[in-house]
1. So is S389 open to solvent by less than 10 Å² (accessible area, probe 1.4 Å), closer than 30 Å to L122 by Cβ and among the polar types (S, T, N, Q) or not?
2. Only one of (1) open to solvent by less than 10 Å² (accessible area, probe 1.4 Å); (2) under 23 Å from R475 (Cβ atoms) is not met by R338, so which one is it?
3. Within region 291-306, can you find the residues that are of a type outside the set (G, A, S) and within 20 Å of the chain's Cα centre (by Cα)?
4. Where residues in region 120-138 are farther than 15 Å from L356 by Cα and assigned to a helix (DSSP H, G or I), which of them is least open to solvent (accessible area, probe 1.4 Å)?
5. Return the residue satisfying two criteria in turn: it lies in region 475-495 and is under 16 Å from I323 (Cβ atoms) and under 28 Å from the mean Cα position of the chain (by Cα), and of such residues it is modelled with the highest pLDDT.
6. Taking region 43-55, which residues are open to solvent by less than 10 Å² (accessible area, probe 1.4 Å) and on the phi < 0 side of the Ramachandran plot?
7. Considering only region 223-264, how many residues are closer than 15 Å to C65 by Cβ and of a type in the set (A, V, I, L, M, F, W, C)?
8. Output yes when any residue across region 314-322 is buried (at least 21 other Cβ atoms within 10 Å of the Cβ) and among the basic types (K, R), and no when none is.
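The values are calculated or read from the model by the stated rules, or taken from the named source; none is laboratory data. Nothing here was measured: the structure is a model prediction, and the numbers come from that model. Note: ideal-geometry Cβ built from the backbone for every residue, glycine included; neighbour counts use all protein chains shown. Just the protein is used for accessible areas: all its heavy atoms, side chains included, with ligands, DNA and RNA removed. Shrake-Rupley method; radii C 1.70, N 1.55, O 1.52, S 1.80 Å.
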Amino acid sequence: MSGETAEGLRRDAVGMREVLFQSITAMAPAAAVAASIPSGAAFAGGSLPLSVLIALVACLFTASCVAELARELPAAGSVATYAAQGLHPAVGFLVGWGYVFVEALIPPLLLLQLGFTTAGTLHEEWSSYPADLWWPWALLGAAIIAVAGYFGVRASARFGTVLGVFEVLVLLVFAIWLIAKAGGDNTLSVFGTSHTSDAYEGISGVFAGSVYTVLAFAGFEAAAPLAEETRNPRRTMHRAVLGAALAIGLFYVLTTYAMTVYYGPDRFAEFGASGPGSWEGVARASFGLFWVLVFLAVVNSTIANANACANVSTRTAFALARIRVLPSFLALLHPRYRSPVAGIAVQTVVAVGAVLGLGFAYDPVTAFLLLATVIVTVVIGVYIVVNLSCAGYFLRRRRESLKPVRHLLLPLLGIVAFVPALLTAAGLPVFDFVTELTAPVSYAGPVVGVWMAVGVVVLAVLIRRHPGRIAETARVHLDDPSPTDPVDPVGLSPS
């Protein structure tokens, strides 16, 4: 497979449906509804639907910026290319360095959740099954994802589409059922501030809940790295990113509303990710065997999310290896499927190593929390830089197309929306609702710091020895060159 980088990734392999579900499954809607969003209930209480609505609006600011840049710069490098074009190639390299790192950690994160969720449920149903026998399920998930990726983006994206449709439909049916069962208890007051928790009353509780809820939206940009494998990418990417953020955001609002009115707004501050006051707990207590479908939807969501993010990490690594700022073997493609097989192999080794290493060093839940904190910290930082890049790109390179609201105001609002979430993810107690992190979760900050410091050293070496390679982070390879594409807009050529 040496020399297989010339042809590049398979062109026109997927369409709107597949890339839309690439972003949807990367947001892990079922897992977010069941686990991430309820973390805001401790603050917003029965007003959590309003918190979710606020988070949706906030995330649409950044989704709009990503969509605009994806239309202008369809590249496998995605956020790295956006930052390189909008700010500086060196910033693009550092964004890519951080992004490929955390996207490679998302599959092990989800595989850990797959392991402890499956083992815990099996133990609850059959006490003879060991509750700590979680790792075979994680390894099985890793194998499934590796096989899907090996057979190329078409197989992987269609696999993700099937998984995504299943998890969304199960939770959607359950939400409608909950609303029907709530009957006269349905109320729009949950979109006000009257049901917040006693400790965080009024609008402060709603905003605190929205900060935690924002984290459930991470992943809407995951379609962008598939640009070079997508039909009509400029149009398709724009619609997929915005469509995923809006559709799943409304799905979050509906499902959260349904559970809130059914469970009871005034006691919703007790709701969480496990136990009787959880999605699975409510399904077990009141809806018979429907809890099995809820459980399968969450398990399905972990696999779908891991699959989508494996696509992101391997494509981003391919894009950086292609221009030789990462080891060139990561750009090797399968001669038939055009899949980045070396990247998939490395991704699988990283996933299995992180799952088993951290899972046994601590326990799978603690390992999950540590990885989640690392990932969210970097991803939100990337979103902030992408907002800046959108403004920079249209101010510096597309002034004739500049729209002040879309390209200046929305990026600013996106930054404002994500700064509190960044501080919360890092455990910096700037706000009274932020809890300071404890070990080993507190190690996330140093881990991110060390990785980015290594990136700065690599950047300095490359600038000194191979400056043209850093310049290449701004290059759009899709049509190289084409009358309708920007031709080397930064004025840099390959070294």
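1. Working: open to solvent by less than 10 Å² (accessible area, probe 1.4 Å): yes; closer than 30 Å to L122 by Cβ: no; among the polar types (S, T, N, Q): yes.
The answer is no for S389.
2. (1)
3. We begin by selecting, within region 291-306, every residue of a type outside the set (G, A, S); these are 291-296, 298-300, 302-303, 305.
Scanning region 291-306 gives V298, V299, N300, T302, I303, N305.
4. If we filter region 120-138 for residues that are farther than 15 Å from L356 by Cα, which is where we start, we get 120-131.
Filter again for assigned to a helix (DSSP H, G or I), leaving 120-125.
Working: G120: 30, T121: 11, L122: 37, H123: 71, E124: 115, E125: 78 Å².
Going through the qualifying residues, I end up with T121.
5. Once the filter is applied, the top-ranked residue is R475.
6. We begin by selecting, within region 43-55, every residue open to solvent by less than 10 Å² (accessible area, probe 1.4 Å); these are 44-49, 51-52, 55.
Selection gives A44, G46, S47, L48, P49, S51, V52, A55.
7. Total meeting the criteria: 9.
8. yes
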